[in-house]
Structures are given as structure tokens and as C-alpha cells.
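To start, the structure under review is shown below, and the notes come after it.
Where a number appears in this text, it was derived from the coordinates with a stated rule and is not lab data. Just so we're clear, the structure is a prediction, and the values are computed from it rather than from any experiment. Every residue, glycine as well, gets a Cβ built from its backbone with ideal geometry; the counts of neighbours run over all protein chains shown.
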Amino acid sequence: MPEDLAEIYRSTFPALVRFLYRKVWDVERAEDLAQEAFARAVVHKPESARGWLFVVAANMARDDARRAARERRHLTLLKSDPASAPAVDEAVHAETERSRVRTALEQLTPRDREVLLLWDAGLSYDEIATQTGLARGAVGTTLARARRRLVEAFAAGEQDEHIARG
């Protein structure tokens, strides 16, 4: 068996590393996982070593990804301790502002909203015209009108909020 495994190693290792690289996107990690798969093959002595190696290597890559995800979640939780987390008031204020912007956007006409959002996404006037069917010269006018209406709707929402608070 060791001689057979040595031949399988020579013929399979590069293909196994390529296979693993497409799963973990790190050459060194792919090589480590391939080595570990061959080490397990020495212990388990599978009958069909080549197929077994690819199945074991795929499982190891999946387990590795799960472990990395758990570690990232754990580190995120550690980083967000109360001393470094934004104050609750700030989070509530930010969410309130986002909600007011969404409400103001919903009050625009679909065309004004689309032009404004396309412009905000970085499209040029020509691209906006093509996307919306507007004449290129009308894009600037529509955009200016949409901005003005958005500001007015946002301000009206702020005033309603102050009235509601009493």
C-alpha cells in the first residue's frame, strides 16, 4: 500500500491542490489540506485512494470554511464590546434617518425616484437617459426636480415628526 500511495501522491497531489484551491482560494491552505488528506489516507488505507482523497479533501475544506466562519463571528462579537459599540441612541437615530429617507423616496414619482437612484449609483446622464428613455437634456432637469422634491419630502417628514412629539 505505501508504494501505491506514493504513486497516487505523485499523480494526484497537483490535481487535489487545484481542486482545493477552488474551494478555499488560498494556495498554502489548499496544499495543507491536501497534505492532511494524504496523511489520513496513510492511516485509513482506502481501497480506491484517489476518489477517497477528493471526498475527504472536500469535506475538510467545508469543515475549514465552517470553522473560519465561526471564528469570524466570534471575533465580531469580541470586537463589539460595550466600550467600542456605538451608543444605542446613535443607532436609533441612524435607523430613524434611514427610515425618513426611505419614506421621502417613496413620495417621489417612480420616474424621479429612478433618475435620482441611478444618478446616486454613479451613472452618467447618457446612461440614465438610455435606462429611463428620457432625452439626455431632460435628465438634468428631472434630476434637479427630483432632488428638490426629495428635500421637501424629507423636511416635511421631519416637521411631522416634531409635531407628533408635541
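In table form, for the structure just shown:
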{"quantity": "Hits in the stretch 115-124 - residues which are assigned to a helix (DSSP H, G or I), within 24 Å of the chain's Cα centre (by Cα) and surrounded by 12 or more Cβ atoms within 10 Å (Cβ to Cβ)", "calculated": "Leu117, Leu118, Trp119"}
{"quantity": "Of all residues making up the stretch 47-69, the number that are surrounded by 17 or more Cβ atoms within 10 Å (Cβ to Cβ) and either within 22 Å of the chain's Cα centre (by Cα) or outside any helix (DSSP H, G or I) (or both)", "calculated": "2"}
